[in-house]
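J.: First the structure, which I've put down as structure tokens, then a few questions once you've had a look.
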Amino acid sequence: MEPLVNTLLRWPFVENFVNQHTWAWPVSETLHFIGIALLVGIVAMYDLRVLGFAKGLPLAPFNRLLPWAIFGFVLTLVSGLVFVTGLGANLRGGSPQYDVITTDLWLQLKLLFIFGAGVNALLFYTMGVSRDVETVGPGEDAPLRAKTLAAISFTLWVLVMWMGRLIPWDLPTAFE
Amino acid sequence: MEFLMWLENSSFAVWERESLSLFAYPFFLVLHTIGLAFLVGVSAGICLRILGVASRLPLAPMERYYGLLWLGFWVNALSGVVLLPTAAVNFLTVEWIFYIKLGAIAVAMASMAMIRREVFLRGNADAAPLSAKARTLARTALGFWALAILSGRLMAYSNFVTLSSAGAFIVLTIVVLAVGLLARPGSRARRQLRHAA
């Protein structure tokens, strides 16, 4: 398992780049935060409307705003990949990726919650809930199924941020 | 200075800095991140709408999101105040980038407040087309939020790293803006460039 994780996730190109350019890691972190703001902020605006907040808004036009949330997700994904593949620049040891993913509970939970949010979004679009929601006009209530998925989405993304910020404090040290 | 040292050595600050509990220093950083997402995220949503994204969304009802924006602001202001004593002397006397961050937040918040007055509180926000002033305010807010996030992150690094990172980020922003402005078909920037060439 360890050699497989190593081969897939350890990218010497990224490690060397991060080592040679001191700006690479901090700029990646900044892009990660900008991505978080766009992703969580815009998704929260959408989820909260589905839940009944800002009821004067029709839901269909949000389809033009959500791509910016997806852009935010892409920013977090790309910067996140820099962190994962370039981890060896910051951590010593032969297989930092394997060590971190097997010991850091917060990283494990964060990935689990992102996966959950993905499944939640998939259900939203494949179960026809997104089509029902598009017909919701100003002042109207979204169906219960939509509200459930929106509440789950909102909760999961907050948990992703929570877990993500705790990653540097991996479990063994924190609970000694 | 002595007050800052007193603050840094207060029992709360010592506990916050040195406790291994996840409800000490890490907890307030978590709050600061979540507040950031709502504060900057909602600002971005409103500013993007003002700049023409999702133009079928009526503007007037979007004013309700200011509640979430202010919630994010206060969560960050309060968590920020709580985080300050962990290194009060450093943050307020050595870290010049901290003042850039606070300044950027002030400009961004002022822009959002002016947007509220210019766009939302003038009667029906959807009745008239958005003024150039509103669009300028939206661009200003977005730019200064990005600066706030950048300078906030760079607080963790030395001067050398800070300067090279800021430079790299500025170059990246210019490239992205240039591509974004010139790549759209019929963009005004592209027409102006062709005119000048």
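The values are calculated or read from the model by the stated rules, or taken from the named source; none is laboratory data. All figures in this text were calculated on a predicted structure; none of them were measured in a lab. Ideal geometry is used to build each Cβ from the backbone, glycine not excepted, and the neighbour counts take in all protein chains shown. Calculation scope for accessible area: heavy atoms of the full protein, side chains included, ligands and nucleic acids excluded. Shrake-Rupley method; radii C 1.70, N 1.55, O 1.52, S 1.80 Å.
Here is a yes/no grid of residues against (1) in a loop (DSSP other than H, G, I, E, B); (2) more than 13 Å from chain A (Cβ to nearest Cβ):
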| site | (1), (2) |
| --- | --- |
| B:ALA77 | no, yes |
| B:LEU83 | no, no |
| B:VAL89 | no, yes |
| B:ILE115 | no, yes |
| B:GLY123 | yes, yes |
| B:ARG135 | no, yes |
| B:THR140 | no, yes |
| B:LEU147 | no, no |
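J.: What is the one condition in (1) touching a helix residue (DSSP H, G or I) at 6+ places or on another chain (Cβ under 6 Å); (2) more than 18 Å from A:ILE42 (Cβ to Cβ) that A:ARG92 does not satisfy?
T.: (1)
J.: While we're looking at this one, here's another question. Would you check which residues across segment A:73-86 are open to solvent by less than 30 Å² (accessible area, probe 1.4 Å) and of a type outside the set (Gly, Ala, Ser) and list them?
T.: A:THR76, A:THR85, listed by residue number.
J.: Out of all the residues in segment B:58-90, which are of a type in the set (Gly, Ala, Ser) and closer than 16 Å to A:LEU48 by Cβ?
T.: Passing the criteria: B:GLY67, B:GLY72.
J.: While we're looking at this one, here's another question. Applying the selection to segment B:1-42, what residues are touching a Phe, Trp or Tyr at 6+ places or on another chain (Cβ under 6 Å) and either aliphatic (A, V, I, L, M) or at the interface with chain A (Cβ under 9 Å from one of its Cβ atoms) (or both)?
T.: Across segment B:1-42, the qualifying residues are B:PRO26, B:VAL30, B:LEU39, B:VAL40, B:VAL42.
J.: Right, another one. When you go through A:ILE70, A:ILE101 one by one, which is the residue that is over 19 Å from A:ASN19 (Cα atoms), hydrophobic (A, V, I, L, M, F, W, C), open to solvent by 20 Å² or more (accessible area, probe 1.4 Å) and at pLDDT below 95?
T.: Just a single option satisfies the conditions, and that option is A:ILE101.
J.: Mind counting the residues in segment B:2-49 that are more than 30 Å from A:ALA44 (Cβ to Cβ), in contact with a helix residue (DSSP H, G or I) (Cβ under 7 Å, 6 or more places away or on another chain) and either in contact (Cβ under 8 Å) with a residue 12 or more places away in the chain or in a helix (DSSP H, G or I) (or both)?
T.: Total satisfying the criteria: 8.
J.: Also, I was wondering about something else. Of all residues in segment B:50-67, how many are open to solvent by 20 Å² or more (accessible area, probe 1.4 Å), part of a helix (DSSP H, G or I) and within 7 Å of another protein chain (Cβ to nearest Cβ)?
T.: Final tally of qualifying residues: 3.
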